[in-house]
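Take a look at the structure below.
Quick note: the coordinates plus some simple rules give every number you see, no bench work behind them. All of these numbers come straight from a predicted model, not from anything done at the bench. Please note: Cβ atoms are built from the backbone with ideal geometry, for glycine as well, and neighbour counts cover all protein chains shown.
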Amino acid sequence: MMEELLYRMNPWWTEEYKAPGIKREEYVSKLYALRNLRDVIIIAGIRRVGKTTIIYQLIEKFIKDGVDPRRILYVSLDNIALREYTILKIVDEYRRIHSLRHNDFVYLFLDEVHTKRDYELQLKNLYDMGYSKIYASGSASLDIMMKSPYLTGRQRMIKIYPLSFVEFLKFTNNIISPADMHLYPSLAEEYVKTGGMPEYVKTRDLNYLQSLVDTVIYRDIAGVHGIRYVDKLKDTLSFLAQSVGTPASLRKIANAVGISKDEVSRIVNLFILANLVYGVEREGKLSERKISPRKFYLSDTGLFTILTDRINLGAIVENAVYLQLCRQGEVRYYRSSGIEIDFVRGKNAWESKYKENISEADLKNLKISKKFKNKMMITKSIEGKMDDIKIVPLWKFLLDRKV
């Protein structure tokens, strides 16, 4: 029966509740702060990044702050026992179980919402009926949900990233005192090599990462979109991993993989929509951005280990720098008049050079560019300032939440 299943999914209805996992306070606080807004809150991110655990931790916070546990519904919509039920039917059954009127306010946590047919329309219906605050999670990209006409003006997106360096230290029980700050550089390098998928950080089992990638490729991409040439999907993903940090044209990828440019375009966009890969455009006018090749980065640096046997630590660090920057907003790369800069946003520019020694050649592009006011170079261990360029070691950059 659905009633029995919902009771299993919502243990706080009958007992004191303690959420699992190490608390990811940054996301819990951000999501909790949105509780009084009318918007549907969409929680998005790659599979196994920790969305469900964060939802459980958020529910625990609601209960501790006085919300009646019976006014909270969590449902995992990809449960096979719920396959024949719409979201609306499930919510109706929940209200019946607790004898809640249609105008009794409730909190709805709808996990894996994208697995339900017409979920956008159903979320709109729930929104229009009122008397509920909706948090909905999905492994699909923000872009998919943002394009829905049903949710336009009704939703707010929160993207969940793999563990930051600060979270990684917490998950690995590395709380560093001021006397032990000399440990940060090696821990930062361990972090970029390991990545931030929570379960992998705990187990270091490569089969876990392989299973993650296989699930995304076979189930979320090939299965959903009817792609039969799975080997080409894998080849394309491996090529992108080996090309991180270098602008890669679709034609170049097509020639390397052995499929048409149009098919490469489709595959790459599906990787992006599945939050497996991020594409970074060139800074410039819209026309320049659209005709210039994009740079590509993996959604987690740990994936390099299973996608390529040619591990380039400099490229992995650049990928980690990108992930740190994009937590604070979109970035692009800069290329103009022979000047190339890894990342730019507004008047800010960043270059990643994971080296012990920095030469004049390394500084050249940042030095001669007059377009950017704030310039930073991320290095292995050097710290200081050279002309108008701030030099920061990787570990210190990764600890800064406001880059």
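Against the set (1) 178; (2) 150; (3) 162, the structure's computed volume of the Cα convex hull per residue in Å³ falls on (3). For residue 219 and residue 64, what is the calculated FRET efficiency with R₀ set at 45 Å and r taken between the beta-carbons, to the nearest 0.05? Once the sixth-power term is evaluated, E becomes 0.80. Taking amide hydrogens as placed 1.01 Å from N in the peptide plane, the amide H of residue 136 sits under 5 Å from those of 41, 42, 43, 110, each at least 5 positions away in sequence or on another chain. By the gyration tensor of its Cα atoms, with a ≥ b ≥ c the square roots of the eigenvalues, what is the shape of segment 167-399: rounded for a/c under 1.5, prolate for a/b over b/c, or oblate? The shape class here is oblate.
A protection proxy built from the mean count of other Cβ atoms within 10 Å ranks the segments 183-193, 267-277, 225-235, most packed first, as 267-277, 183-193, 225-235. Couplings for segment 3-8, taken from phi via the Karplus curve 6.51 cos²θ - 1.76 cosθ + 1.60 with θ = phi - 60°, read 4, 5, 5, 5, 5, 5 Hz in order; Gly and Pro are left as x. Modelled label positions at residue 23 and residue 199, each set 7 Å beyond Cα in the direction of Cβ, lie 2.5 nm from each other.
Can you give the charge dipole size of the chain about its Cα centre, rounded to the nearest 20 debye, using +1 on the beta carbon of Lys and Arg and -1 on the beta carbon of Asp and Glu? List each step's numbers first, then the result.
Details: 65 positive and 50 negative charges, 257 e Å.
The dipole magnitude comes to about 1240 debye.
Helix 230-242 and the longest principal axis of the Cα set of the chain meet at an angle near 50°.
Of the cross-linked pairs 170/193; 51/396; 252/290; 61/202, those separated by over 20 Å at the C-alpha level are 51/396; 61/202. What is the distance in Å between the Cα centroid of segment 1-72 and that of segment 73-123? Distance between centres, Cα-based: 14 Å. Result for the chain in a Gaussian network model with C-alpha springs under 10 Å: among 345, 332, 83, the largest mean-square fluctuation is at 83. Our helix-only sum for the chain, with -39,500 (n - 2.57) per DSSP H run of n ≥ 4 divided by its residues, gives a mean residue ellipticity at 222 nm of -11500 deg cm²/dmol.
Tell me, what is the FRET efficiency for residue 286 and residue 262 to the nearest 0.05, using R0 = 22 angstrom and their Cβ-Cβ distance as r? Please list the in-between numbers first.
Numbers: r = 22 Å, r/R0 = 0.99.
Computed FRET efficiency for residue 286 and residue 262: 0.50.
Residue ranges 100-107, 372-379, 206-213 sort as 372-379, 206-213, 100-107 when ordered by packing (mean number of other C-beta atoms within 10 Å per residue, highest first).
Cα-based radius of gyration for segment 2-160, normalised by 2.2 N^0.38 Å, reads 0.96.
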